[in-house]
Amino acid sequence: MRQARAGGAPARPSHRRAIVHVLSPDEQETRRWGLDEGDEIVPGRHALQRLGGGHRYEAYLAFDDHLHALVVAKLVRPHLAEDEHTLEGLRAEWAMLSRLDHPAILRGFGAVLDGTRPHLVLEHLEGPRLSSLIRRHGPLPPEQLIPLALQLCSALQYMAAEGVVHLDVKPANTIMSGPPRLIDLSVAMTHADAAGLDHSVGTDTYMAPEQCLPHDLGPVGAAADVWGLGATLYRAATGKRPFSKGDPDSPETAVRWPQLVLEADPEPLPPAVAEPVMACLDREPQRRPLAGELTDAFEPVLRSQARPRLSGLKPRWR
Ligand SMILES: Nc1ncnc2c1ncn2[C@@H]1O[C@H](COP(=O)(O)OP(=O)(O)O)[C@@H](O)[C@H]1O
Ligand SMILES: [Mg+2]
């Protein structure tokens with residue numbers, strides 16, 4: 001078993017194909033680690049509680065003896081623990097985590113890149129996913145929406161300056177901790193790699209048109225994340241997706257990705273954010289604002305809101 005720690009030379013992220021065997025709910029049930037509270041993931045790191053899982057990974061709340069802290073272990077599912085393609089994805093995600101260091105982006109503490117239970121060791125974030133919050137309580141009120149927008153703009157501006165695209169900015173990859181944080185760097189890549197993409201990468205409903213068809217509409221770059229931000233904020237502000245769900249099995253690209261041909265409806269958006277959010281959803285990447293320009297658009301909205309009382313603390317940022 002090899003444990004990688006921050007500071008080691010990370011593997012170079014490569015093009016990762018979005019071809020993942022989609023697990024049925026039954027398969028998701030059987031292809032899981034089934035760890036109970038106290039079970040050892042690796043020596044010195046114990047599972048406490050299962051947090052969730054996707055098609056390739058399962059996330060567990062865990063206790064790390066060396067850090068003496070709660071962490072999240074993002075484990076490769078058992079049937080993929082020796083799958084070279086999945087392990088390459090894990091290495092690439094760890095490389096990205098090692099490269100990025102920002103208050104609004106999830107931090108990684110380490111990785112176990114081979115052995116029985118390959119996994120990433122991640123900072124534990126308290127708070128629901130934005131997607132869960134919207135499902136439970138509906139659209140966010142402006143006093144929650146604008147700070148979220150500013151945090152995500154800050155994360156995207158930093159990533160653009162670092163030469164990295166996230167490619168999966170969406171409510172399920174946003175944790176509403178204080179401050180809100182962008183998670184899941186599983187398909188993030190450098191601008192150079194993104195510009196060379198020849199296949200779609202991301203989550204269908206939140207993908208920029210050039211992410212859907214990089215060959216015809218690319219190159220893919222930082223503007224793709226600005227689209228993801230716009231789609232995320234649209235959902236957060238209205239409770240609705242900006243575009244209807246397409247049919248993932250359709251051979252017709254416009255049926256699979258309605259955003260290729262439809263325009264989002266600005267009507268349900270609160271007037272204070274309608275213009276910047278719609279600008280993010282411009283089909284033409286060059287016409288979308290930069291993350292820094294969006295910050296300039298959202299900041300006056302924040303200033304117009306009632307000031308929070310911080311019991312004697314004078315906020316310095318106003
Ligand atoms: N650091 C974390 N803190 C809290 N929950 C997390 C963390 N990382 C992941 N999760 C939970 O696990 C789920 C899957 O993690 P994610 O990195 O998005 O993996 P996937 O690539 O499978 O989408 C998330 O949607 C979230 O609910
Ligand atoms: Mg995810």
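Sorted by mean Cβ packing within 10 Å, highest first, what order do the peptides 73-84, 151-162 take?
The peptides rank, most packed first, as 151-162, 73-84.
Order the peptides 37-43, 179-185, 48-54 from the highest to the lowest mean number of other Cβ atoms within 10 Å of their residues.
Numbers: 37-43: 13.3, 179-185: 22.1, 48-54: 15.0.
Packing order, densest peptide first, comes out as 179-185, 48-54, 37-43.
What fraction of the Cα pairs in the chain, stated in percent, has a spacing above 38 angstrom? Numbers along the way, then the final one.
Values: 6955 of 50403 pairs.
Within the chain, distances greater than 38 Å cover 14 percent of Cα pairs.
With Cβ to Cβ distances under 13 Å as the rule, what net charge do the other residues near ALA161 carry (K, R +1; D, E -1)?
Result for the local shell: -2.
Can you compute the charge dipole magnitude of segment 33-123 about its Cα centre, using +1 on each Lys and Arg Cβ and -1 on each Asp and Glu Cβ, nothing else charged? Give it in debye, rounded to the nearest 20.
Once rounded to the nearest 20, the dipole reads 260 debye.
Please list 281-288, 127-134 highest first by mean number of surrounding beta-carbon atoms within 10 Å per residue.
So the peptides 281-288, 127-134, ranked by packing, come out 127-134, 281-288.
Rounded to the nearest 5, what is the percent of antiparallel bridges among the DSSP beta bridges in the chain?
That works out to approximately 95 percent antiparallel.
Just going by the charge dipole of the chain, with Lys and Arg at +1 and Asp and Glu at -1 on Cβ, which of LEU125, LEU97, HIS46 is farthest out on the positive end?
The Cα lying farthest towards the positive end belongs to LEU125.
Per-residue ellipticity at 222 nm for the chain, helices alone: DSSP H runs ≥ 4 residues times -39500 (n - 2.57), over residue total, nearest 500 deg cm²/dmol?
Calculated at 222 nm, the ellipticity per residue is -10000 deg cm²/dmol.
Over segment 130-304, one equal point on each Cα, no solvent: what is log10 I(q)/I(0) by the Debye formula at q = 0.08, 0.11, 0.18 Å⁻¹?
After summing over all Cα pairs, the log10 values are -0.21, -0.41, -1.16.
Relative to the first principal axis of the alpha-carbon coordinates of the chain, what is the inclination of helix 271-280, with its axis defined by its Cα atoms, in degrees from 0 to 90 and to the nearest 10?
Compared with the principal axis, the helix lies near 60 degrees.
Compute the length gained on full extension between GLN286 and HIS68: take 0.36 nm times their separation in residues and subtract their Cα-Cα distance, giving the result in nm to one decimal.
73.8 nm
Checking the a/c ratio against 1.5 first, then a/b against b/c, what shape does the Cα gyration tensor give for segment 203-318?
prolate
Given q = 0.19 Å⁻¹, what are the Debye log10 I(q)/I(0) values for segment 144-206, with equal point scatterers placed on the Cα positions and solvent ignored?
-0.75
Tabulate in residue order the Karplus-calculated ³J(HN,Hα) for segment 190-196, using 6.51 cos²θ - 1.76 cosθ + 1.60 with θ = phi - 60°, rounded to whole Hz; enter x for Gly and Pro.
6, 4, 5, 5, 5, 5, x
Rg/Rh for segment 33-123: what does it come to with C-alpha atoms and Rh from Kirkwood?
When Rh is taken as the Kirkwood radius, the ratio is 0.94.
Note down the magnitude of the dipole of the chain about its Cα centre, charges +1 on Lys and Arg C-beta and -1 on Asp and Glu C-beta and zero elsewhere, to the nearest 20 debye.
For this selection, approximately 1060 debye.
Taking Cα atoms, how many degrees apart are the long axis of helix 222-238 and the longest axis of the chain, rounded to 10 and kept between 0 and 90?
Approximately 80 degrees, to the nearest 10.
Every read-out reported here was derived from the displayed coordinates using simple, explicitly stated rules and does not represent laboratory data. These numbers were taken from a predicted model, which means no experiment stands behind them. When we count neighbours, we look across all protein chains shown, and the Cβ atoms used for this are built from the backbone with ideal geometry, even at glycine.
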